[in-house]
Amino acid sequence: MAIKKIKTLYDVICPFCGTLCDDVEVDIAENKVVEVRNACQIGTKKFFSSNPSEHRYETPMIRKKGKLEPASWEEAIDKAADILTKAKRPLLYGFSSTECEAQSKGVELAEMLGGILDNTASVCHGPSLLAKQDVGQPGSTLGEFKNRADLVIFWGSNPVHAHPRHLGRYSEFVRGYFRKDGRNDRTIVVVDPRNTHTAQIADLYIQVKPNEDYELLNAIRALLRGVELDVEEVSGVPMDQIKELVNTLKTCNFGVIFFGMGLTQSLSHHRNIDAAICLTRELNDHTKFLITPMRGHYNVAGANQVFSWNTGYAYSIDFSKGYPRYNPGEFSAVEVLIKNQIDASLIVASDPASNFPAASARNLFKYPLIVIDPHETPTSANADIVLPAAIAGIEAEGTAYRMDNVPLRLRKVKDAPGESISDKEILEKLIEKVKEKRGE
């Protein structure tokens, strides 16, 4: 029996969440992932998902007589380009789980088509971007927090489940240059309506009422300014506990607020983030304090960067007038689908059918749907054309931005199965074919 030759790659970046852990080791044998070390459970599963399976697309698919059938790349690209060129208002959505180079091609295609361009920030940290535009953001790199922070606040965020290695690499258990005793050198505060697993390992857990973060943030700001509040509690939190929190905030040496979708997607949305950023700014009168969002998809920060440097806007962009217009809410993917304002869709590295409101998903499926994805999803299962993609960061190299907007280079560790090619190559083929059909 022949012995499998195993190739080990070191310092691989994990393309799962915004933490972009860069110390992963991957063993490859016969072009299959056989072992993953240092990654979290979810990141490990993503590496193994690159192996051939019944859920993996290995050839282009076109829906014929109600069923997806294998097709050639030439036929699939031709039909997809035909759908896009005939559409009057196509939606191009997703882009947060692929490399920056593909995102840039997505912008180019959306502009050519005069369509709507959006990424997953519109349903997660879009409010964070709006708040940053309003009041700025005192932020830094994760390495700075690792080395200096002695007070870490998780507000509306549960990294134990959403960013499993964040605590061990950057925020809680890690030994930093100035925090050599790791967890013993840090105070952890969690503000959340739910008693999450992160809350259970915190030094102080503040149980805020759902949708009342804005009131609590401004109560903290008032106390920080010396204003006495004549109430017994705010947002379900007793005044004694709020005063204890304010004292903790003022007396730390270096604090950071990591906030998640519990803050961005609750009532008040970007006004919550406005208040949190203003609180951070005011805390700098007393000590050193910074704030940063806990971004989910591993390259959603990159999508915002790439869209911004190409169009001036981070998400929810409309090219219908020949130039980019920006209006979150009006030009967001969920909104244009609910209002039935599109007539075709191209979904890249995303699964809106699993995450969007039912009304949006229904309208998504009413019109021609093209999906670029490595795996079968509820969205791709209802698509008219599926273009099989290599998994960025595993089967294709590229650039990704960590949650603190630090760009890192993704590596290719194995070849993609079957006829799969990178998202960038697929979008380049679509751009070329669209130009051909237009006679450009």
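Every number in this text was worked out from the coordinates using simple rules, so none of it is lab data. This is a predicted model, so every value here is computed, not measured. Methodologically, a virtual Cβ is constructed for each residue, glycine included, from the backbone with ideal geometry; neighbour enumeration extends over all protein chains shown.
Considering only Cα-Cα distances, which of the following residue pairs are longer than 26 Å: Lys46/Lys339; Lys180/Lys412; Lys4/Lys46?
Numbers: Lys46/Lys339 35 Å; Lys180/Lys412 35 Å; Lys4/Lys46 22 Å.
Beyond 26 Å: Lys46/Lys339; Lys180/Lys412.
Expressed as a rounded percentage, what relative contact order does segment 337-416 have, with Cα pairs under 8 Å and six or more residues apart?
Once divided by the residue count of segment 337-416, the mean separation gives 22 percent.
Quick one: which of 376-389, 242-255 comes out on top by average Cβ neighbours within 10 Å, and what's the full order, highest first?
376-389, 242-255
Taking 0.36 nm per residue of sequence separation and subtracting the Cα-Cα distance, how much length would be gained by fully extending the chain between Lys250 and Asp343, in nm to one decimal?
28.1 nm
On the principal axes of its Cα set, how long, how wide and how thick is the chain? Give whole Å, largest value first.
In descending order, the Cα extents are 69, 61, 33 Å.
Determine the gain in length on full extension of the stretch Asp11-Asp230; use 0.36 nm per residue of separation and subtract their C-alpha separation, reporting nm with one decimal.
Gain on extension, Asp11 to Asp230, equals 73.3 nm.
Pick from Pro138, Pro90, Pro374 the residue whose mean-square fluctuation is largest in a GNM of the chain, springs joining Cα atoms under 10 Å.
Pro138
Could you order the peptides 227-236, 364-373, 123-132 from most to least packed, using the average number of other C-beta atoms within 10 Å per residue?
Ranked by mean Cβ neighbours within 10 Å, highest first: 123-132, 364-373, 227-236.
So what is the relative contact order of the chain, in percent, for Cα pairs below 8 Å that sit 6 or more residues apart?
Once normalised by length, the contact order is 25 percent.
Which of rounded, prolate or oblate describes segment 126-293 when judged by the alpha-carbon gyration tensor and an a/c cut-off of 1.5? If you can, show how the numbers build up before the last one.
Working: a/c = 1.36, a/b = 1.30, b/c = 1.04.
The shape class here is rounded.
Across segment 119-200, what fraction of all alpha-carbon pairs, as a whole percent, falls in each successive 10 Å bin from zero upward?
Going from the shortest bin to the longest, the percentages are 17, 40, 35, 8.
Using 0.36 nm times the number of residues separating Ile201 and Tyr326, minus their current alpha carbon distance, what extension gain do you get?
Full extension of this stretch gives 40.9 nm more.
Near Lys433, which lysines are there with a Cα under 24 Å away, not counting those fewer than 8 places off in the same chain?
Within the straight-line cut-off, Lys433 pairs with Lys64, Lys79, Lys86, Lys88, Lys105, Lys321, Lys424.
Under 15 Å between alpha carbons, and skipping anything fewer than 8 positions from Lys67 in its own chain: which aspartates and glutamates qualify?
Glu376, Asp384
Based on the mean of other Cβ atoms within 10 Å per residue, sort peptides 177-190, 204-217, 158-171, 102-115 so the most packed one is first.
Highest mean packing first, the order is 102-115, 158-171, 204-217, 177-190.
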